[in-house]
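S.K.: Before I ask anything, here is the structure I am working with.
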Amino acid sequence: MSMIMTITLSPARLAAAFATLALAACASTPSIPALPPSQEAYWDNLASHCGNAYAGGLASSDERDADWAGKRMVAHWAQCSPTRIAIAFHVEDAGEAEGWNRSRTWIVTRTSDGLRLKHDHRHSDGTQDAVTQYGGDTLSSGTARVQDFPVDAFSIALFEREGLDASLTNIWRVEVDPADQRAARFAYQLTRRNDPTRLFRVEFDASRNIAVPPPAWGW
């Protein structure tokens, strides 16, 4: 013989139970750091490209980047979450087995202090390069289209360890238009505070999707 027990809750207790469940659900959801309005708009612009891939190429003319000139390039928004966007940067390279270098991924993250840019560098077998996870945090609110990322302490220590003293004053810039803007562009740029002649810049036509490339190495 089975017995069924019915428990009746008062409206007040029922409301309290729902409130407890709601709090538990919120606690299990990662919090999303608030950003200044210009960075919120920037994040929305960056996120509007999630899943897309765009063709581009070298836009600067520094002789130190001569090996990059004329090579096809692809920026692919490979992974997106409410707090992290990973953009794979593929560069044509005849020296690689498949004709492309897929070692680089740019990662933009929301933090409690603003936005952070990191560079994830991998070898073709997926292992991390000795020089990886370098980048910096925003020091100003920037604009809805442009954010600058000065080199951080972790990266300075990494560059010093690897003998890359020229990179100790790096400033990376990432520019992005919303995906629905006519003639939208996406650009990645490197300059250095101690070298006003240094400029590395690649630009992409973010108004026209292309076929999604294979995953970046290690991804």
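S.K.: Provide a single number: the residues in the range 139-162 that are part of a helix (DSSP H, G or I) and touching a Leu at 6+ places or on another chain (Cβ under 6 Å).
M.R.: Matching residues across the range 139-162 total 2.
S.K.: When residues of the range 121-175 are filtered for being touching a His at 6+ places or on another chain (Cβ under 6 Å) and in contact (Cβ under 8 Å) with a residue 40 or more places away in the chain, how many remain?
M.R.: So the answer is 0.
S.K.: Cβ-Cβ below 6 Å, separation at least six or inter-chain, first residue in the range 202-219 and more than 22 Å from Asp65 (Cβ to Cβ), second surrounded by 15 or more Cβ atoms within 10 Å (Cβ to Cβ) and among the charged types (D, E, K, R): which pairs?
M.R.: From residues that are more than 22 Å from Asp65 (Cβ to Cβ), the pairs are Gly218/Arg122.
S.K.: Trp217 passes all but one of (1) surrounded by fewer than 19 Cβ atoms within 10 Å (Cβ to Cβ); (2) in a loop (DSSP other than H, G, I, E, B); (3) not small (Gly, Ala, Ser); which number fails?
M.R.: All conditions pass for Trp217, except number (1).
S.K.: Only residues that are part of a loop (DSSP other than H, G, I, E, B) and of a type in the set (Val, Ile, Thr): list them for the range 78-100, please.
M.R.: Residue satisfying the conditions is Thr83 alone.
S.K.: Give me the pairs, please: first residue somewhere in the range 62-76 and over 15 Å from Gln189 (Cα atoms), second residue anywhere and acidic (Asp, Glu) and surrounded by 10 or more Cβ atoms within 10 Å (Cβ to Cβ), beta-carbon distance under 7 Å, and either six or more positions apart or on two chains.
M.R.: Close Cβ pairs (under 7 Å, with a partner that is acidic (Asp, Glu) and surrounded by 10 or more Cβ atoms within 10 Å (Cβ to Cβ)) amount to Lys71/Glu92; Arg72/Glu92.
S.K.: Now, a different point. Does Val202 satisfy the condition of being in a loop (DSSP other than H, G, I, E, B), within 18 Å of the chain's Cα centre (by Cα) and either at pLDDT below 95 or not polar (S, T, N, Q) (or both)?
M.R.: No; evaluated as a whole, the condition is false for this residue.
S.K.: Criterion first (within 19 Å of Ile32 (Cα to Cα), of a type in the set (A, V, I, L, M) and touching a strand residue (DSSP E or B) at 6+ places or on another chain (Cβ under 7 Å)) does Val108 satisfy it?
M.R.: yes
The values are calculated or read from the model by the stated rules, or taken from the named source; none is laboratory data. Keep in mind the model is a prediction, meaning the values are calculated, not measured. Here Cβ is always computed from backbone atoms with ideal geometry, including for glycine, and neighbour counts include all displayed protein chains.
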